[in-house]
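Encoded as structure tokens, the structure appears first; notes follow it.
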Amino acid sequence: MLFNSYVFLALLVVTFGVYYVPALARFQVFTLLLASLIFYGYTQPDLVILLLVSITINAGTGYLLEYVCVTPRTRWLTAAAGVAANLAILGFFKYAALLVRTFVPAAQAEQGIAAQLLHIPLPIGISFFTFQGISLVVDAYRGIRTASDDGGRRRHLGIYWLDIAFFISFFPQLIAGPIVKAHEFLPQVTRKFLHGIQWNLAIQNLILGYFMKMVVADNLKDQTAWLAYPFFTELAPPTLVALLFGYSFQIFADFAGYSLIAIGLGHLFGYTLPMNFNFPYIARSFSEFWTRWHISLSSFLREYLYIPLGGNRVGAARTYLNLIIVMGLGGLWHGAGWNYAVWGLFHGGLLAVERLLGFNRGRTGGVWSVFSWGWVFLSVSFAWLFFKLPSVTQVMQFCSCLLGNGGARNNFSVLMGVAVFGAFVVAYHVWHVLPERRRPVMLIPAILGVLAFLIVTNSGTPGEFIYFQF
Amino acid sequence: MRFPLQVLLAFVATLGLWSVVVHWGEPNRELFGQNFLQRNVIRVEEYLRHRADAEVVLIGSSISERIDEASVGPRCVNLGLVKDHALTGARVIAAGHTKPRVLLVEMGLTNLEDGIGDELLAKVFAFDEVHLWSKWRLFEDRYQPSTVLFATLKSAAERARPPTAERDEEGFERWLRRTVELYAQRPDPSLAGDYARELRRVLSELRTAGVRVWLFAPPVDAAILATPRQQEVSQLFDSAFPPTEWPRLVVPGEYHTDDGVHLLRPEGKRFGAALRSALAARGVTQTD
């Protein structure tokens, strides 16, 4: 179910109504869980079974770790089994086809078990909910307190299962994040009241999120459709550069828009979800970029992968290797294709080189700041090509057109589209860069009113969120 | 609750202001869209909402889109759709409330694999579009603020540098080569067969509803005529639409294109006028 559909609006209104009825207060968690399952299974009901299996595995493991297993050895074995089960689900559904495509000769790939593996459907949001499951298992293993001060109500296995099911499937963040860690979310599971809603934050996030998605990303999507083979071969270099920046703006508006909607919806139900984007395109180093882009994923990878690998405390060479491994795996997390791995390795390589040269400390100073900002933005925009184009060969073809595409034409609509809709992304970042005293804060309601007007009159053709495929 | 109220007030004020601009200013007079799909949506919305009483409707792809509808007649609408084909136009007419007297159908097999017709139909005939948004001009795609901005800038650019009637011969040769390469590939036989069958079904329905249907072949460069795809078009249409059952509108003459298949704009006017004469010769005249 899409956030920008009437069906979702109906589900939201009904859920909101039932959720805050005082007589039904004790069913708040159940109400949201039910709404989340409807949200998830609306187009493919059979996927709910997989989600419930994943929930049950994680709830079982978490319960054992929190209340049953005592000895370090059983705790370690239980946690390892829980993490392995999550990775097995993710690996089977997401990477089996990639492995078949890579290692089985094409002639044999369409026969027997290989053919079945090749055609396994990718369950929507699987990368997100398995990571939340891993977070629960690891938090429980580390003994991080996940329960709110509830007098031990979660000792009851049924209630524990219900809370974990709610944590993993909470519909605002189920399909495309932000990835919420168990110790951040579970303590918030308490009774909520209508008067407790932070309306300003909810409205601000929802309007900005829907605007980013429906106006900026969906309109840019129709222009960046040219960023596909063979269409880009017909375009002159200025249009190709516009396409590169256009996709950079689009993917930001699409994903940041989704995250803002999720955060706004979370506020409507009394839950605070973590910020996922912190004006990433103002970053002046790649390490800064990764503290601003998809924060919930990068902090997950840092906490549950980079640090366990030794982080930056194991010598320079191992640190660089760790960065490359983590980013390579992070790339593969995004999609089951080697182009995603290349994208991740490219970023890992940039992070390692930056650290080697000592540029990761974000030097300041007029010209240097502008240069480093420009370098990071250009590199990040270039790297998105590995996201958008399905093969490295096509990326190379794009680059060769970029360097000279004799006789090709510029496309007025693409140039205009990127300039107009990209301007909103630029303005959004400029707002953040402005010193606080110079921000026209008084105008915020008027700006939000105009953005709401543009949502109603200027939305593009609805498109799926880019991160749904992950 | 002061903050939400302020936001609501700003929203209503902007909406009201834009409504005034649209009603009294008519800010986008051209059928200009920001992209292929929107260009088609604007064309179809214009037909369904304001010109559904057209007597002659022309359906086809971007090749037909170049034909100047005003030259065909004062009550002619051109539903030539970019990156699409005649079947989508036929479906639009079949779904509309009023039907034209005459339908001119392009014989072609373009965009069978990557046509954007389904997206167009889903948008134009969506429940909320038909029953809610279509009641206000404000919500027509041509009046999207960004579309108005694009159209204004484009016409300003054209005023500063008017398009020439002359063809860029060097560019033409290059684009012609590309088109010949493209037309060297035959369309997927099953897709082409399905397309012809479905087009025939929809056109038969329209004929039953009293619409006179003529098929026509848009003029193409001589180099295109011998290509496998163009020959496939002739063969397929001759077998699916035998000329004895489905009359052709033959328009003789040579016309200049900018890539072998797309008419130059001035030539689109000339071909439109020739279509008008051909229709008049068959007794079809349009009321002013």
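Any read-out appearing in this document is the output of simple, stated calculations on the displayed coordinates, not a laboratory observation. Quantities reported herein were computed from a predicted structural model and do not represent experimental measurements. When we count neighbours, we look across all protein chains shown, and the Cβ atoms used for this are built from the backbone with ideal geometry, even at glycine.
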Lys/Arg +1, Asp/Glu -1 at C-beta; chain B dipole; positive extreme among B:Leu176, B:Ala281, B:Trp136: B:Trp136
Compactness of the range B:120-264 - radius of gyration and Dmax, Cα, Å: 20.4, 51
Full-extension gain in nm, A:Thr74 to A:Asp46, via 0.36 nm per residue minus C-alpha separation: 6.7 nm
Dipole magnitude of the range B:127-186 about its Cα centre (Cβ charges: Lys, Arg +1; Asp, Glu -1), debye to nearest 20: 80 debye
Rounded Å value of the spacing that divides the Cα centres of the range A:408-451 and the range B:173-241: 45 Å
Cross-link partners of A:Lys388 among lysines (Cα-Cα below 17 Å; sequence separation of 8 or more within a chain): A:Lys221
Shape parameters for the range A:331-454, alpha-carbon atoms, Rg then Dmax in Å: 19.0, 51
Pairwise FRET efficiency - A:Phe27 versus A:Trp199, Cβ, R0 = 25 Å, nearest 0.05: 0.60
Cα-only radius of gyration and Dmax that characterise the range A:259-317, units Å: 14.6, 47
Nitroxide proxy distance, nm - points 7 Å out along Cα→Cβ at A:Trp373 and A:Arg438: 1.1 nm
Estimated distance in nm for a label pair at A:Leu157 and B:Glu198, the labels positioned 7 Å out from Cα along Cα-to-Cβ: 5.4 nm
0 to 90° range, to nearest 10: angle between helix B:169-183 axis and chain B longest Cα axis: 80 degrees
GluC sites (Glu not before Pro) within the range B:98-141: DSSP coil, no more than 10 neighbouring Cβ in 10 Å: B:Glu113
Neighbour count of at most 14 Cβ within 10 Å plus DSSP loop: longest trypsin sites (Lys or Arg not before Pro)-free window in chain A: A:1-144
Kirkwood Rh and Cα Rg combined as Rg/Rh, the range A:254-364: 1.02
Sorted largest first, extent of the range A:111-244 alpha carbons per principal axis (Å): 67, 54, 24
Label-point separation, B:Thr98 to A:Ala115 (7 Å along Cα→Cβ), nm: 5.5 nm
Kirkwood hydrodynamic radius of chain B, Cα pairs, Å: 20.5 Å
Extreme residue, positive dipole direction of the protein assembly as shown, given options B:Ala126, A:Gln173, A:Phe193 (C-beta unit charges): A:Phe193
For the protein assembly as shown: span of alpha carbons on each principal axis (Å, largest first): 96, 61, 58
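Would you mind counting up the charge near B:Leu87? Only other residues with Cβ under 11 Å from its Cβ, with Lys and Arg at +1 and Asp and Glu at -1. Intermediate values should be presented prior to the final figure.
Working: positive: B:Arg91, B:Arg197, B:Arg200, B:Arg201; negative: B:Asp84, B:Glu106, B:Asp118, B:Asp194, B:Glu198.
Here the charged neighbours net out to -1.
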Part-to-part distance (alpha-carbon centres) for the range A:104-140 and the range A:235-307, which is given in Å: 25 Å
Karplus-derived HN-Hα couplings along the range A:59-69 (A = 6.51, B = -1.76, C = 1.60, θ = phi - 60°), whole Hz, x at Gly and Pro: 5, x, 4, x, 5, 4, 5, 7, 10, 10, 5
Dipole magnitude of the protein assembly as shown about its Cα centre (Cβ charges: Lys, Arg +1; Asp, Glu -1), debye to nearest 20: 2100 debye
Coil-residue trypsin sites (Lys or Arg not before Pro) of the range B:58-88, DSSP, other Cβ within 10 Å capped at 15: none
Mean residue ellipticity (222 nm) of the protein assembly as shown, computed from DSSP H runs ≥ 4 via -39,500 (n - 2.57), nearest 500: -18500 deg cm²/dmol
